[in-house]
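Since the structure comes first, as structure tokens, the remarks are kept for the end.
The values are calculated or read from the model by the stated rules, or taken from the named source; none is laboratory data. A quick note: this is a predicted structure, and the numbers were derived from the prediction, not measured. Just so you know, the surface numbers come from the protein's heavy atoms only, side chains and all, with ligands and any DNA or RNA stripped out. Shrake-Rupley method; radii C 1.70, N 1.55, O 1.52, S 1.80 Å.
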Amino acid sequence: FMPYVLTFNKSLIEKKIISICDYLDLKKNFDSFLNWILDLRKDLQIPHKLSDVIEKEKIDINKLSKMALEDPSTSTNPRKMKIDDMKILYEYSISGKLFL
């Protein structure tokens, strides 16, 4: 889910992400970090899409979105999250589309 959250929050976290690039010896831009995350996920054999793990028809976006919104860690997200934001994040994670 991390790449979806990163790209969703890009406008608010880009400067911080760029500073992390120094520690990872990456080009100093958001895309370098994002590609590093995508490559790491691939190396660890973590599927890119939620639908690669769960049949699309069995994914209850409404239920998952509500649960995610109620999770205490959601309050620390850089962007204030609403139920529709969560639904979009899940839709993107199912399709594999990033917020670019």
### Message
For segment 45-100, I need the span (max minus min coordinate) of the C-alpha atoms along each principal axis, in Å, sorted largest to smallest.
### Response
28, 25, 20
### Query
Hey, how many Å between the Cα centroid of segment 70-100 and the Cα centroid of segment 1-40?
17 Å
#### Entry: Per-selection metrics, the chain (Cα): Rg and Dmax in Å
14.3, 42
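Given Cα pairs under 8 Å that are at least 6 residues apart, what percent is the relative contact order of the chain?
Values: 81 pairs, mean separation 37.2, N = 100.
So the answer I get is 37 percent.
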#### Entry: Extension gain (nm, one decimal) between ASP43 and SER11, 0.36 nm per residue minus Cα-Cα
8.8 nm
### Query
Rounded to a whole number, what % of the accessible area of the chain do carbon and sulfur atoms account for, probe 1.4 Å?
54 percent
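Find the percent of Cα-Cα distances in segment 1-45 that exceed 14 Å, and round it to a whole number.
Numbers: 452 of 990 pairs.
Pairs farther apart than 14 Å: 46 percent.
Longer than 27 Å from Cα to Cα, which of LYS58/LYS87; LYS15/LYS63; LYS16/LYS63; LYS28/LYS87; LYS27/LYS63; LYS27/LYS66 are they? Say none if no pair is. Spell out each step's value before the answer.
Working: LYS58/LYS87 15 Å; LYS15/LYS63 33 Å; LYS16/LYS63 32 Å; LYS28/LYS87 31 Å; LYS27/LYS63 39 Å; LYS27/LYS66 37 Å.
Pairs exceeding the cut-off: LYS15/LYS63; LYS16/LYS63; LYS28/LYS87; LYS27/LYS63; LYS27/LYS66.
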